[in-house]
1. Report yes if D369 is without any contact (Cβ under 8 Å) to a residue 40 or more places away in the chain and in contact with a Ser or Thr (Cβ under 6 Å, 6 or more places away or on another chain), otherwise no.
2. Where the second residue is surrounded by fewer than 17 Cβ atoms within 10 Å (Cβ to Cβ) and acidic (D, E) and the first is within 16 Å of N279 (Cβ to Cβ) and lies in segment 319-337, which pairs have Cβ atoms under 6 Å and are six or more apart or on separate chains?
3. Of all residues in segment 552-571, how many are surrounded by 18 or more Cβ atoms within 10 Å (Cβ to Cβ), in a strand (DSSP E or B) and modelled with pLDDT under 85?
4. For segment 225-238, which positions are assigned to a strand (DSSP E or B) and buried (at least 20 other Cβ atoms within 10 Å of the Cβ)?
5. Name the single residue, out of those in segment 379-430 being of a type in the set (V, I, T) and touching a residue at least 60 places away in the same chain (Cβ under 8 Å), that is nearest to C156 (Cα to Cα).
6. Wholly within segment 303-405, which strands (runs of 3 or more DSSP E) include no fewer than the required count, namely at least 2 residues that are within 26 Å of the chain's Cα centre (by Cα) and closer than 22 Å to N136 by Cα?
7. I need a count of the residues in segment 713-732 that are within 30 Å of V679 (Cβ to Cβ) and surrounded by fewer than 20 Cβ atoms within 10 Å (Cβ to Cβ).
8. I'm told P118 meets every condition in (1) under 18 Å from the mean Cα position of the chain (by Cα); (2) modelled with pLDDT of 85 or more except one. Can you identify the failing condition by its number?
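The values are calculated or read from the model by the stated rules, or taken from the named source; none is laboratory data. These numbers were taken from a predicted model, which means no experiment stands behind them. Positions of Cβ are backbone-derived with ideal geometry, glycine not excepted, and every protein chain shown enters the neighbour counts.
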Amino acid sequence: MRLIILAFLCSAASFAQTTHNIKGTVSSEGESLPYASVYIQGTTSGTTTNDNGIYSINKIAPGDYILIASFTGHTTVSKKISIGSKDISVNFNLDSGESLDEVVITGTLKAVSRLESPVPVEIYTATFFKKNPTPNIFEALQNVNGVRPQLNCNICNTGDIHINGLEGPYTLVLIDGMPIVSGLSTVYGLSGIPNSLIEQVEIVKGPASSLYGSEAVGGLINIITKLPENAPTFFVDTNINSWGEWNLDAGFKAKVGEKATLLFGTNYFKYDNPIDNNNDNFTDVTLQDRISIFQKWSFKRKDNRKFSLAARYFYEDRWGGEMNWNKSYRGGDDVYAESIYTSRYELIGEYQLPVAEDITFQFSYSDHDQNSVYGDMPYLAQQRIGFGQFIWDKQIRNHDFLVGAAVRYNYYNDNTTATLNADEVTIPSLFIQDEIDFDEKQSLLLGLRYDYDERHGNIFTPRLAYRFKPTDSDIIRLNAGTGFRVVNLFTEEHAALTGARDVIIEEELKPEQSYNITLNYLKKLYTKSGMQFTFDTSAWYTYFTNAIIPDYDTNPNQIIYSNLDGSSSSKGISLSVDAVFGRGISASIGATWQDVSQKENGVVTKQILTENFSGVWSLSYKHYPTHLSVDYTGNIFGPMRLPLLGELDPRDEYSPVWSIQNIQLTYDGFKNFELYGGVKNILDWTPNKGNPFIIARANDPFDKNVQFDPNGNVMATVDNPYALTFDPSYVYGPNQGIRFFFGVRYKFH
């Protein structure tokens, strides 16, 4: 009996000791990290470090586990551990993930540390865009400070991207550094770039014409696609919302032979649920059916020389209009709609020459075909853009030279009276820049570009950028330069195609010239408790000559184009703060104040459809033990002047202060899976609130009952008391109200 009792006691003692403890520290760059999360993968066992970076997880059964340590703004580290017959100690050292040493390309056409770049470049990664998932890059940019996706039509919902208050045509959009998003695609192709293909987005605010030529007057956006070697083996991301919008991203990578790697991706978006919540008999949101197919090849070469090739095909069928429209009415004057078929393909490549010097050839080609009708007005347009450039990168002592020769071919043709003959031009260019490193604290970049345009002759655009780094966490940058822009009205001005306004071109339009100066200060701050703050502030001033600004005011039935007999300017200041608080909490906030106006004959006029202030924010929290994270994002925009149709127009001349806010919940506790869902536009804001109507004369879209006097002016009648014609250009924000969404992501590495 005694032996039985002794055996039982030993067994109980052994059972009581089958759990053990894990303890250790979490640090970064030699400093302890308080409030870092430490947890065991696949379980709810976890904790956070104390003020000294020390953690302890108790009562863990024997076995093999994966222990993970994470801290917002740092790389996550996982370690395999084995619990045996005693407690164990595991220490972590986390590298800072949000570092000023991120590599940027756009500012200087070469890969450099963000810390060393004399040009301020903002970086937005795929993680940033996941906080508010959208089906395309156009919508994704709504939470970037100083950047606003602007809708230009209440019916077809086409738009462009404003930077610091300047209209979309002043913004150059690049894909992998290639200027193929231009003209027609600036208005009709941005919605076809899926977020799933994006490695990061780099944004430069202010002129960059000395490197990129025409259109880079207000700034540029470089969409850098994923490298095949960095992509998962297979991925799927799909979501649907309560309005019936469905988005699917899917792709894979594969090795082809010994030297080639292929990345294949496809995006499909479908929305076929007409909704008219503002009761004007027009669709609130354009119906869309589009597909984008992408391939990117990366080739291994001797001495790690670069060679990549990418191609994308995009097709979209979109329409918006009266609720009873179908395709049998397309192009007729019985039921109004704007129907746009877009077919587009792109080719992008980069090849480093097999020579001793660092010489690279970059090339791209795009073909854009648009078949569209605006009511009974057809707009058939084709655009082809070919681009090639050689770049020689040469370092001599403290001088880092970049010398380039480029040629750009542009073909454009449409069926409008403004294009009697196809517009075909080839523009050769030369550019050189010299980045001089005086010491670790100071550098100076000097650049000059020369373009020859047979329509306008010789064009020179100089550039200067100075960087001063008084400490390792402070950077001051001063940038100055000029820019130029050649205008094609019908590819840029959607209002010229819709509604009843006539387009009047008063003279042969000259290229616009701009002169800009920007001062930027960036500060990184670390606190003893492990929190991080990044402050980024800029002040800018841009002065334009020969500005081409559409005149909606002189005659409400016309859009008048001419070179401004005076000057135009954009000035302002912006501030962004990114904060990492620890315990899985991070936040960012940004604000921009701007004044965009033109002066003619001593009269100063605010630019139409331009807000004087805006703000963006995000707040994120991740609870690592439960694998749950919450993201709250939003923006706010100040009043902007709107295009009225005359003195009797009852709609507000200025928009109110308005805000779009979103919230999302994500769960990543399943292996390779993420579930996410939330609410978009939680305030249910739409621009029709407070206005008697948004679309003028929605009941008579073909102006069949509008009466005109002998001078061509609209007459007020019983049927038309406000003397209006049909016009959908009174738009400044999305018509889509509150909606719920749910999605699933799957990745297999």
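1. Yes, satisfied.
2. M323/D276
3. 3
4. T225, F235, D237
5. Here the answer is T416.
6. So the answer is 307-321, 337-352, 358-374.
7. Adding up the residues that qualify gives 0.
8. (1)
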